Amino acid sequence: MSNLRFLTSYFQRSLNYVKDATMEAIRMDMSWKREMPLLSCNSIENLQEWVVGSDADIGGNSEAYWGLTKSKHGIFWGTLSQEIPKGSNIKHSGYAGFRSKERPITMFHRPRFDCERFRYLYMRLKGDNKQWFVNIQTDSLFPTYLYQHRLVFKTPGEWETIMIPFRDFVLTSEGFVQPRQIVMDRSKIRTFGFSVVRQDGDFCLEIDYLKAFNTPNTFGDRDILGAGEYIDEKGNICNIRERDGEEKFKRLYEFSQGENNQMEDINKKKKQIKVIDLESEFKKKIGAGIPFDKIYTGDENKDRLLKKGLPNELTSEIKNKGEDELEKLLQMVLNSKYLFPRYWESL
């Protein structure tokens, strides 16, 4: 009887796979999607899709349990112990974890999670003060290969939504980071899991769901939006100008142009103020009782300017010069070594 149920389930899965693959080929649906549900823990049936393990499986003293809370969330709790039992042959102890089961095989393939078109693993969790690991296992020639990422909760005892980029996971094997990192094949993910190691004492982790996720600007590892673009509810890339109308865009443009013009006026006023300050500096340092015909700069053009002798004429010449030239001229006159000694102290 049990064999009959197994075969019925096997053929039903195979039929469903053929239907889904056929519809996907007909639709050719490669459009942007915000999220894709992966796993949830909101019922007894959901909990049966996960496997629990700890060092107790090989003779350790840790305890680990898996259940459903009153609020319909999965909860993984227990106690870690690094103490090795007397007479035991195990070398290390003090770990516990749980992972999703591999999806049931069909007549045509072994189903995998395909997260290639998504950038983030998105989770809703409630953790404790311990440091956890998120684990992802993909198809590989080496069964011990595991992609891991640290998981530390900012608000222990409260629900948190956590986003981790798939490309930030690190390849490990039996707990050691591999020197040669291989990019994760997100189209062939076998299992997702969580683990806690080498931290004696009680632990507790509640889980609501796991999703593959995109922000409005991501399509897998690609950034898809330019300036002024957004994605509508149907997954189409649209322009803000088209959404809000040309009139609103025009008003925004005019407002921005007005701000630019205002900044130009401010810069002009600043330049005028600097020129006025330079004029007053010339009048104060040079025009205060010092005969211009006794001042020499060593530059024929500058000497001709200074020898005119009238402050008004000097001021008119200053106004026709650029800001950089004014600065240089002022420094040249004030620091000139060609001034006669009897006028040096006056300057």
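The values are calculated or read from the model by the stated rules, or taken from the named source; none is laboratory data. Not measured: the values here are computed from a predicted model. Note that we place each Cβ from the backbone using ideal geometry, even for glycine, and neighbour counts take in every protein chain shown.
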(message) Here is a check on your reading of the model: is residue 136 among the aliphatic types (A, V, I, L, M), in contact with a helix residue (DSSP H, G or I) (Cβ under 9 Å, 6 or more places away or on another chain) and assigned to a loop (DSSP other than H, G, I, E, B)?
(response) no
(request) Please enumerate the residues belonging to segment 79-111 that are modelled with pLDDT of 90 or more, loosely packed, with under 15 Cβ neighbours inside 10 Å and over 21 Å from residue 200 (Cα atoms). (result) 101, 102
(message) Cβ contacts < 6 Å: first residue under 26 Å from residue 75 (Cα atoms) and assigned by TED's automatic domain parsing to the domain that holds residue 156, restricted to segment 125-145; second residue buried (at least 19 other Cβ atoms within 10 Å of the Cβ) and among the charged types (D, E, K, R), any location; separation 6+ or different chain. Result?
(response) 126/206
(message) List pairs: first residue in segment 57-84 and hydroxyl-bearing (Ser, Thr, Tyr), second residue part of a strand (DSSP E or B) anywhere in the structure, Cβ distance under 6 angstrom, at least six positions apart or on different chains.
(response) 62/54; 62/80; 62/96; 65/77; 65/78; 69/75; 79/63; 79/202
(request) Filter the strands (runs of 3 or more DSSP E) completely within segment 35-75 down to those with at least 3 residues that are over 23 Å from residue 188 (Cα atoms) and at pLDDT 95 or above. (result) 63-68
(message) I'd like to verify a number: residues in segment 174-215 that are in contact with a helix residue (DSSP H, G or I) (Cβ under 9 Å, 6 or more places away or on another chain) and polar (S, T, N, Q), how many?
(response) 0
